Amino acid sequence: MKQHSKMRYRFYREHKYISYAVSELEKLIAKTDFTNQTQINLIKNELANIEDLMTGHAEWEESTIHELLKKKNSPLHTQIEKDHQEHVIQFKALQEMLIHISDSRDENEKLSKGYTFYITYRNYAASNLKHLNEEETLLMPELQRLYSDEELRAIEFKTYEQMSLEDMIHMMEILFPHMNPNDREHFLTDIRDAKPEKFMQAWEGIKDKIEDSERALLITKFKDMFCLSIRSA
């Protein structure tokens, strides 16, 4: 009988959502009429949202994942952190470009600068995809080489210990539509093991966002938690 190799624990599953969010803004920019101030304001707001998302994500990576590499004297995080710094510069330049477009009173100039803004953002999106890929294909294997699965899981558990129930549900509501069943099971398993007392409430908050067939499989997977809940009722 063929034996299945054990799947290693890994970070970065949230990259699926990040990739989607960055791509969706690129699509919105592509359709924007840069002579229309209302549409420019929308892009400003959406760009600020993406910048906040990426800043928070980079800060978490550097304070948690990169610290693991530093403890083992691995230098692989260095280029990733340089990318994070470069992305800060790119966002600042993009916001300044939007200010110049808004301030311009010449329609043709607005259209020309709007096109330059679009291809500049597209270049950021491309560099970000490369950045995400390097984190998953270079940093993650290095982390798996240096640490056991339980040691890696402990990092995520610390995050869940700091999260409120509402934050857990909100996180899953955002991430789950962009993930496959294995990803969703991964997050629910970590919540169960990190904060078992919050699992059932977290499940109640997210279960209706999961398709019926998958929900039934997850109920079977976590049947011990459901049985415990019934006994405690």
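Which ones in segment 101-113 are open to solvent by less than 50 Å² (accessible area, probe 1.4 Å) and in a helix (DSSP H, G or I)?
Here is the first cut: in segment 101-113, the residues open to solvent by less than 50 Å² (accessible area, probe 1.4 Å) are 101-102, 104, 110.
Selection gives I101, S102, K110.
If I filter segment 40-52 for residues that are within 25 Å of T189 (Cα to Cα) and surrounded by 13 or more Cβ atoms within 10 Å (Cβ to Cβ), do I get at least one hit?
First pass over segment 40-52, keeping only residues within 25 Å of T189 (Cα to Cα): none.
The answer is no; no qualifying residue exists.
What are the residues in segment 126-145 that are touching a residue at least 12 places away in the same chain (Cβ under 8 Å) and surrounded by fewer than 16 Cβ atoms within 10 Å (Cβ to Cβ), if any? Can you show your working first?
To start, the set of residues in segment 126-145 that are touching a residue at least 12 places away in the same chain (Cβ under 8 Å) comprises 127-129, 131-132, 134-136, 138-140, 142-144.
Selection gives S127, L129, E134, E136, L138, Q144.
For segment 124-163, how many residues meet the condition of being of a type in the set (S, T, Y) and modelled with pLDDT under 95?
First, the residues of segment 124-163 that are of a type in the set (S, T, Y): 124, 127, 137, 147-148, 159-160.
From what's left, modelled with pLDDT under 95: 159-160.
Residues that pass the stated criteria total 2.
With T116, T159 as the choices, which residue is in a helix (DSSP H, G or I), closer than 23 Å to E96 by Cα and not basic (K, R)? I'd like the intermediate steps shown before the answer.
Numbers: T159 fails: closer than 23 Å to E96 by Cα.
Checking each option against the conditions leaves just T116.
If Q85 passes every condition in (1) in contact with a helix residue (DSSP H, G or I) (Cβ under 8 Å, 6 or more places away or on another chain); (2) under 25 Å from A21 (Cα atoms); (3) at pLDDT 95 or above but one, which one does it miss?
If we test Q85 against (1) in contact with a helix residue (DSSP H, G or I) (Cβ under 8 Å, 6 or more places away or on another chain); (2) under 25 Å from A21 (Cα atoms); (3) at pLDDT 95 or above, just (1) comes out false.
Filter segment 109-125 down to residues that are β-branched (V, I, T) and without any contact (Cβ under 8 Å) to a residue 24 or more places away in the chain and give me whichever is nearest to L68 (Cα to Cα). So that I can check it myself, show each step before the final result.
So the first thing to find is which residues in segment 109-125 are β-branched (V, I, T), and the list is 116, 119-120.
Those still in the list that are without any contact (Cβ under 8 Å) to a residue 24 or more places away in the chain too: 116, 119.
On the way: T116: 40, I119: 36 Å.
Here the residue is I119.
Restricting to segment 146-173, name every residue that is open to solvent by 70 Å² or more (accessible area, probe 1.4 Å) and within 19 Å of T64 (Cβ to Cβ). Step through it out loud before you land on a result.
From segment 146-173, those open to solvent by 70 Å² or more (accessible area, probe 1.4 Å) are 150-151, 158, 161-162, 166-167, 170, 173; that's our starting set.
The answer is E150, E151, K158, E161, Q162, D167.
Determine whether segment 174-182 contains at least one residue that is buried (at least 16 other Cβ atoms within 10 Å of the Cβ) and among the β-branched types (V, I, T).
Start the filter on segment 174-182 by keeping residues that are buried (at least 16 other Cβ atoms within 10 Å of the Cβ), which leaves 175-176, 178-179.
Applying the additional criterion that residues be among the β-branched types (V, I, T) yields none.
So far as segment 174-182 goes, no, none of its residues is buried (at least 16 other Cβ atoms within 10 Å of the Cβ) and among the β-branched types (V, I, T).
Quick one: is D193 touching a residue at least 24 places away in the same chain (Cβ under 8 Å), out of contact with any Ser or Thr (no Cβ under 9 Å at 6 or more places or on another chain) and either open to solvent by 60 Å² or more (accessible area, probe 1.4 Å) or over 19 Å from T55 (Cα atoms) (or both)?
Working: touching a residue at least 24 places away in the same chain (Cβ under 8 Å): yes; out of contact with any Ser or Thr (no Cβ under 9 Å at 6 or more places or on another chain): yes; either open to solvent by 60 Å² or more (accessible area, probe 1.4 Å) or over 19 Å from T55 (Cα atoms) (or both): yes.
Considered against the rule, which asks whether it is touching a residue at least 24 places away in the same chain (Cβ under 8 Å), out of contact with any Ser or Thr (no Cβ under 9 Å at 6 or more places or on another chain) and either open to solvent by 60 Å² or more (accessible area, probe 1.4 Å) or over 19 Å from T55 (Cα atoms) (or both), D193 comes out as yes.
The values are calculated or read from the model by the stated rules, or taken from the named source; none is laboratory data. Source: prediction; values computed, not measured. Please note: Cβ atoms are built from the backbone with ideal geometry, for glycine as well, and neighbour counts cover all protein chains shown. Side chains are part of the model used for accessible areas, which takes the heavy atoms of the whole protein and leaves out ligands, DNA and RNA. Shrake-Rupley method; radii C 1.70, N 1.55, O 1.52, S 1.80 Å.
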